[in-house]
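The values are calculated or read from the model by the stated rules, or taken from the named source; none is laboratory data. Predicted, not measured: the structure shown is a model, and the values here were computed from it. Here Cβ is always computed from backbone atoms with ideal geometry, including for glycine, and neighbour counts include all displayed protein chains. Just the protein is used for accessible areas: all its heavy atoms, side chains included, with ligands, DNA and RNA removed. Shrake-Rupley method; radii C 1.70, N 1.55, O 1.52, S 1.80 Å.
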Amino acid sequence: MKSQFDVTIAGEINLDLILYGLPVTMPLERELLATDFRMTLGSSSAVLAHNLAALGVSVGFITRIGNDALGEIALQRLAEKGVDLTRVKRMDSGTPTGVTILLNHDGKRHILTFPGTMSEMTASDLDIVYLASGRHFHLSSLFLHKMLQPDLPGIFRQLKARGLTLSLDTNDDPEDRWGGALHDLLSMVDIFLPNEDEACRITGKTDVEGALEALAKQVPLVAVKCGKRGSIVQTGSRRWEVPAQCVIPVDTIGAGDSFNAGFLSAYLRGEAPDACAVFGNRAAALSTLCPGGTEAFRDSMLVRDLLAQADRTGAGDRSASQAI
């Protein structure tokens, strides 16, 4: 039976409030003036859903929002790209939708998050039949899902048994423990998408090469995001270094989630691992051309140019990758 969606996602949603030009060291009881401000769609799960949909991937999304304007604005951004929101839960519990405040200091960031409804989502909020109606399921921000995390291994097993492929991006662990359900999930996922710091913290290794070697023994396909150096992909004993696309970045917020969107869209087209990383790098580079993680993907001209690159050269332009 044909799947209803290419990808289903269960995860968090919030807006990003981004302030620019503030000092790294900020004294108390002083009014500090930013040089610029943006409000964009935030949260790894929602950014991924938005950018996948912008790339032509059909997406079903389950989340919880509070009874407030911030949640509605965030949903509106997803609806603009055609993300299916029929299973979103609007809560009257009094807990508001979460929010993230980012203080951008010339590429370095303070990231301040109020989790809100995202930390209260439980297995009872998830329609398994709906999630299983996709070809692929993705989870981001593992450690923000405090109440959902204990049930995730069972949920992953159910989806795996129904024939879906699975991917995971833990994002940061605010408690820096890197435990809980993580290692059970790694034994089930088809694709793991950490950045290099996360990969090293999870494995206890001091370098990304050692981390990749350890992770590749657990996960069939690992793609590690390395910022301006691009990405490194490994499947079994085969490894590729894939350089980043050269751009002058405006803002790197959401570049990792945009990489995930490009990588997964190519994966769902049946591309080879290095080809997926090439397109992931291109999507990440596109993201940096505008503030926040989704604004560049709201620009139809920029997205058309990205997709045209894939059409002209194929996502698998292997001249842009190096097997090692």
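How far apart, in nm, are the 7 Å Cα→Cβ label points at Val247 and Arg30?
Result for the modelled spin labels: 3.5 nm.
Where the centroid of each part is defined by its Cα atoms, how far is the range 216-231 from the range 144-205 in Å?
Distance between centres, Cα-based: 14 Å.
Counting DSSP beta bridges in the chain, what percent are antiparallel, to the nearest 5?
If we restrict to bridges inside the chain, about 50 percent are antiparallel.
Rank Ala123, Ala216, Ala34 by mean-square fluctuation in a GNM of the chain with C-alpha springs under 10 angstrom and give only the top-ranked residue.
Of the options given, Ala34 has the highest mean-square fluctuation.
Among Met147, Met26, what's the order by accessible area (1.4 angstrom probe), most exposed first?
Met147, Met26
Give me the number: length gained by fully extending Thr122 to Gln218, i.e. 0.36 nm times residue separation minus the C-alpha to C-alpha distance, one decimal in nm.
Computed gain between Thr122 and Gln218 is 31.9 nm.
Tell me which lysines have Cα within less than 24 Å of Lys228's Cα, excluding those fewer than 8 residues away on the same chain?
Within the straight-line cut-off, Lys228 pairs with Lys108, Lys205.
Pop the C-beta distance of Glu80 and Tyr20 into the FRET formula with R0 = 25 Å and round what comes out to the nearest 0.05.
Efficiency, from the Cβ-Cβ distance: 0.50.
Compute the relative contact order of the chain as a whole-number percentage, counting only Cα pairs closer than 8 Å that sit 6 or more residues apart in sequence.
16 percent
Taking the Cα atoms of the range 233-290 alone, what are Rg (to one decimal) and Dmax (as a whole number) in Å?
11.6, 37
Which one, Ala74, Ala10, Pro23, is farthest towards the positive end of the dipole of the range 7-97 when Lys and Arg carry +1 and Asp and Glu -1 on their Cβ?
Sorting the options by dipole projection puts first Ala10.
Please calculate how many Å² of accessible area the range 62-106 carries per residue, with a 1.4 Å probe and no DNA, RNA or ligand atoms counted.
Spelled out: the 1.4 Å probe surface of the range 62-106, per residue, equals 47 Å².
Which helices of the chain meet both criteria: a Cα extent of 18 Å or more along the helical axis and a mean Kyte-Doolittle score no lower than -1.0, with helices taken as whole DSSP H segments? Write out the running numbers ahead of the final one.
Values: long enough: 255-268 (20 Å, 0.56); 273-287 (21 Å, 0.53); 300-313 (20 Å, 0.01).
In the chain, the long hydrophobic H runs are 255-268, 273-287, 300-313.
Can you tell me which of Ile111, Ile13, Ile155 moves the most in a GNM of the chain? Springs connect C-alpha atoms under 10 Å apart.
Ile111
Could you tell me what percent of the DSSP beta bridges with both partners in the range 1-94 are antiparallel, to the nearest 5?
Given both bridge residues lie in the range 1-94, the antiparallel proportion sits at roughly 50 percent.
With the Cα gyration tensor of the chain giving a ≥ b ≥ c as the square roots of its eigenvalues, does the rule (a/c under 1.5 for rounded; else a/b larger than b/c for prolate; else oblate) give rounded, prolate or oblate?
In terms of gyration-tensor shape, rounded.
Spin-label point model (7 Å from Cα, Cβ direction): what's the Arg177 to Asp197 distance in nm?
2.1 nm
How far, in nm, would the chain grow between Ala308 and Asp68 when pulled straight, counting 0.36 nm per residue and subtracting the alpha carbon separation?
Taking Ala308 through Asp68 to full extension adds about 82.5 nm, to one decimal.
In straight Cα distance, which lysines are under 19 Å from Lys146, not counting same-chain residues fewer than 8 positions off?
Cross-link targets: Lys89.
Probe radius 1.4 Å, ligands and nucleic acids ignored: give me the carbon and sulfur share of the accessible area of the chain as a rounded percent. Before the final figure, lay out the partial values.
Numbers: 7280 of 14010 Å².
Within the chain, the accessible surface is 52 percent carbon and sulfur.
Please state the shape class of the range 61-193: rounded when a/c is under 1.5, otherwise prolate if a/b exceeds b/c and oblate if not, all from the C-alpha gyration tensor. Intermediate values should be presented prior to the final figure.
Numbers: a/c = 1.62, a/b = 1.18, b/c = 1.37.
Oblate is the answer for the range 61-193, as a/c is 1.5 or above yet b/c matches or exceeds a/b.
Evaluate 2.2 N^0.38 Å with N set to the residue count of the range 61-113, then give the Cα radius of gyration divided by it.
Relative to the 2.2 N^0.38 Å estimate, the range 61-113 comes out at 1.37.
Can you tell me the accessible area per residue over the range 190-316, all protein chains present, probe 1.4 angstrom, in square angstrom?
Details: 4970 Å² over 127 residues.
Accessible area per residue: 39 Å².
Select from Leu41, Leu85, Leu286 the residue whose mean-square fluctuation is largest in a Gaussian network model of the chain (Cα-Cα springs shorter than 10 Å).
Leu85
Separation between the Arg229 and Asp190 pseudo-spin-labels, each 7 Å from Cα along Cα→Cβ, expressed in nm?
Result: 2.9 nm between the two label points.
Would you work out the relative contact order for the range 151-274, in percent, from Cα pairs under 8 angstrom that are 6 or more residues apart?
So the answer I get is 17 percent.
Percent relative contact order of the range 146-191, based on C-alpha pairs within less than 8 angstrom and at least six residues apart?
56 percent
What's the extension gain from Ser300 to Phe37 if we count 0.36 nm per residue and subtract their Cα-Cα distance?
Length difference between fully extended and current span is 92.4 nm.
Need one word for the range 194-280: rounded, prolate or oblate. Basis is the Cα gyration tensor (sqrt eigenvalues a ≥ b ≥ c); a/c below 1.5 gives rounded, then a/b vs b/c decides.
Cα axes put the range 194-280 in the oblate bin.
Normalise the Debye intensity by I(0) for the range 132-175, one equal point scatterer per Cα, no solvent, then take log10 at q = 0.17, 0.19 Å⁻¹ and round to two decimals.
-0.49, -0.59
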